[in-house]
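Heads up: the structure comes next, in structure tokens.
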Amino acid sequence: MGPSQTANVVLFDLDNTLFVHYHSQRSGISAVQENNVYLAEEKRNHLIDTCNSALQDSYGKYLAKKITYEETDATKVRLFFARLGLPEPSLKEVGDSREIYKEAFRVNRRATPGAVETLVRLYENGYCLGIVTNGQMEDQADRNSSSHRPHFHLRRIWIL
């Protein structure tokens, strides 16, 4: 496509647009709860709300350049534990919690109803498809490759 040509482009966000974030998150939290004696008596919805709050605050710290991207996972877990009134987790507990969460999140990822059919139809009609993200490209590529839909040439766009 030359510089003077135009293209039909549709840009998507992944969370709750192409895949059901809440379902994956609930699965991740459930797995962590099942593997942590301190969380056994907590209500699942309270854990999810606490997780969301910790996620937003750690991401805010990253955007404000108070922590690096690599520190966001550990920060999320520490904030999560602190907000539940639990002792600060060790580095091993942080790592274990993140791995348990991530694995359950990935395994339970599912496409939003109608997303696959919509992408197929757009692609077959000549649209260029892209992902708009404020996250890390590697994370989005992982989500893109495992969101249970045919492979498309999705252009990844970094936007802050």
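The values are calculated or read from the model by the stated rules, or taken from the named source; none is laboratory data. The shown structure was predicted, so the numbers you read here are calculated from the model rather than taken from an experiment. Note that we place each Cβ from the backbone using ideal geometry, even for glycine, and neighbour counts take in every protein chain shown. Just the protein is used for accessible areas: all its heavy atoms, side chains included, with ligands, DNA and RNA removed. Shrake-Rupley method; radii C 1.70, N 1.55, O 1.52, S 1.80 Å.
General remarks:
- Hey, Leu63 in contact (Cβ under 8 Å) with a residue 60 or more places away in the chain and either under 13 Å from Phe105 (Cβ atoms) or open to solvent by 60 Å² or more (accessible area, probe 1.4 Å) (or both) or not: yes
- One residue stands out in the range 59-82 among those that are over 15 Å from the mean Cα position of the chain (by Cα) and hydroxyl-bearing (Ser, Thr, Tyr): the one that is farthest from Leu47 (Cα to Cα), namely Thr68.
- Of all residues in the range 121-138, those satisfying the criterion of being assigned to a loop (DSSP other than H, G, I, E, B) and modelled with pLDDT of 75 or more are Asn125, Gly126, Tyr127.
- Contact map, the range 80-99: residues that are among the acidic types (Asp, Glu) and surrounded by 10 or more Cβ atoms within 10 Å (Cβ to Cβ) paired with residues that are in a helix (DSSP H, G or I) and modelled with pLDDT of 95 or more, Cβ distance under 8 Å, separation 6+ or inter-chain. Pairs shown: Glu88/Arg78; Glu88/Phe81; Glu88/Ala82; Glu93/Val77.
- Looking only at the range 50-60, residues that are under 25 Å from Ala111 (Cα atoms), open to solvent by less than 90 Å² (accessible area, probe 1.4 Å) and of a type outside the set (A, V, I, L, M) come to 5 in all.
- Within the range 6-49, the only residue that satisfies the criterion of being under 20 Å from Thr133 (Cβ atoms), of a type in the set (Val, Ile, Thr), under 19 Å from the mean Cα position of the chain (by Cα) and surrounded by fewer than 19 Cβ atoms within 10 Å (Cβ to Cβ) is Thr17.
- All positions within the range 100-125 that are of a type in the set (Phe, Trp, Tyr) and open to solvent by less than 40 Å² (accessible area, probe 1.4 Å): Tyr101, Phe105
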